[in-house]
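Structure first, commentary second.
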Amino acid sequence: MSDDHRVYSYTATLMGSPILLKLFSNNEALASRVFRLIKQYEDLLTVNRAPSQVMDINHAAGKHPVSVSRPVYELIRVAKAASLLENSAFNLAIGPLVKRWKIGFQGDSVPPADEIAALLAITDPVDVMLDDAANSVFLTQPGMEIDLGAIAKGYIADRVRDYLRKEGETLALINLGGNIQTLGAPEGGWSLGIKTPFGGADELIGTLNVENKSVVTSGTYERFFERDGKRYHHILNPRTGYPLDNELDSVTIISTNSIDGDIWTTLIYGMGVEKGCAALRARPDIEAVFVTKSKEVVVSSMQHFRFTLLDNRYRLTG
Ligand code: FAD
Ligand code: MG
Ligand code: MG
């Protein structure tokens, strides 16, 4: 590459995740503004520390509606709609269970079955009441909690892309710890690695080649704990309250908007390979790469990317 195509990488830790921004000019000031933008969204949306607008909603559960800023309201509206899809594995009201399991945080433990049953009773997305006119959200049951952990990174990745575009950039990449969004592409496209589940830090199962696309990976190998020989990962089944149990080790979604990638990784986790591929037939704009426990890599379709298998312990099908 010639000098003017040099890649400049900027890193930060935000949302408990390693953040990577790639630019094609040395622009520390722009990188700082991007990190500040991400931090502003984190401050609005986090449920890991007060205050935030989402925490304000949660604290008022069972008491009163809370008016929030337009972007927060819109994100909650989209998250509720995804939660109400038929048989959806996505549930924005999963908060009390996430808080109790603490998977990926200090103090994780397997809750007793009766506690899980009690918490399930306060996770119905129908009990998240929205008022478009007031931009307000009311959790009707005491103890309810919204958790946007399965959608917020995707939403923020899209906002970063929009911001970079507005600033006149034509070539950039943002990685919010598993949520990648790209603007344009260098010659030959972006080559993005997909990690081998439970492999070493640099071990790649393969590479994805994309332009102008979002690539979101969700896996059971990043945030989990083991107790009595059993592994508990962080994507919970909203119907049982336990981690989703299926044939998948990870799923990667390729889409234009990262918010769709984030939502669909969770939806697909609930469907598994077969139902997932069937559901995606109706959505040609959204494509998936499944990695199964039996070491298969299944591709739902390959219209908007190329995949190259690197790990010969896996077989590519689909
Ligand atoms: P995804 O698969 O996209 O989402 C899984 C996450 O969504 C779970 O961790 C849980 O939070 C939630 N979830 C679980 N089951 C479901 C379900 N069925 N439906 C819907 N949601 C579900 N991590 C830290 O360690 N420290 C922090 O301070 C911190 N702050 C954060 C602040 C913000 C604003 C955000 C968005 C994330 C933050 N995180 C933090 C990370 C967060 O806790 C999640 O682990 C992370 O968002 C998971 O992203 P993912 O893409 O890996 O997983
Ligand atoms: Mg997600
Ligand atoms: Mg995610």
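Assorted remarks:
Condition check ((1) of a type in the set (Phe, Trp, Tyr); (2) open to solvent by less than 70 Å² (accessible area, probe 1.4 Å)) across all residues:
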{"residue": "Lys166", "(1), (2)": "no, no"}
{"residue": "Ile174", "(1), (2)": "no, yes"}
{"residue": "Thr217", "(1), (2)": "no, yes"}
{"residue": "Phe225", "(1), (2)": "yes, yes"}
{"residue": "Ser255", "(1), (2)": "no, yes"}
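- Whichever residue in the stretch 39-62 is outside any helix (DSSP H, G or I) and within 16 Å of ligand 1 (Cβ to nearest atom) and, among such residues, is surrounded by the fewest Cβ atoms within 10 Å (Cβ to Cβ): Arg49
- Subset of the stretch 7-36 (residues that are touching a helix residue (DSSP H, G or I) at 6+ places or on another chain (Cβ under 6 Å) and within 14 Å of ligand 1 (Cβ to nearest atom)): Ala12, Leu14, Met15
- Under the condition of being outside any loop (DSSP other than H, G, I, E, B), in contact with a strand residue (DSSP E or B) (Cβ under 8 Å, 6 or more places away or on another chain) and open to solvent by 50 Å² or more (accessible area, probe 1.4 Å), the residues counted in the stretch 21-33 number 2.
- Tyr163 fulfils the conditions (1) of a type in the set (Ser, Thr, Tyr); (2) in the same structural domain as Val291 (by TED's automatic domain parsing); (3) more than 13 Å from Ile254 (Cβ to Cβ) except for a single criterion, (2).
- For Arg36: the one exception among (1) assigned by TED's automatic domain parsing to the domain that holds Leu171; (2) part of a loop (DSSP other than H, G, I, E, B): (2)
- Any hit, the stretch 292-315, residues being more than 11 Å from ligand 1 (Cβ to nearest atom), under 30 Å from Arg100 (Cβ atoms) and in contact (Cβ under 8 Å) with a residue 24 or more places away in the chain: yes
- Qualifying residue in the stretch 257-267 (condition: within 16 Å of ligand 1 (Cβ to nearest atom) and farther than 23 Å from Glu211 by Cβ): yes
The values are calculated or read from the model by the stated rules, or taken from the named source; none is laboratory data. Keep in mind the model is a prediction, meaning the values are calculated, not measured. All Cβ positions, glycine included, derive from the backbone under ideal geometry; neighbour counts span all protein chains shown. Side chains are part of the model used for accessible areas, which takes the heavy atoms of the whole protein and leaves out ligands, DNA and RNA. Shrake-Rupley method; radii C 1.70, N 1.55, O 1.52, S 1.80 Å.
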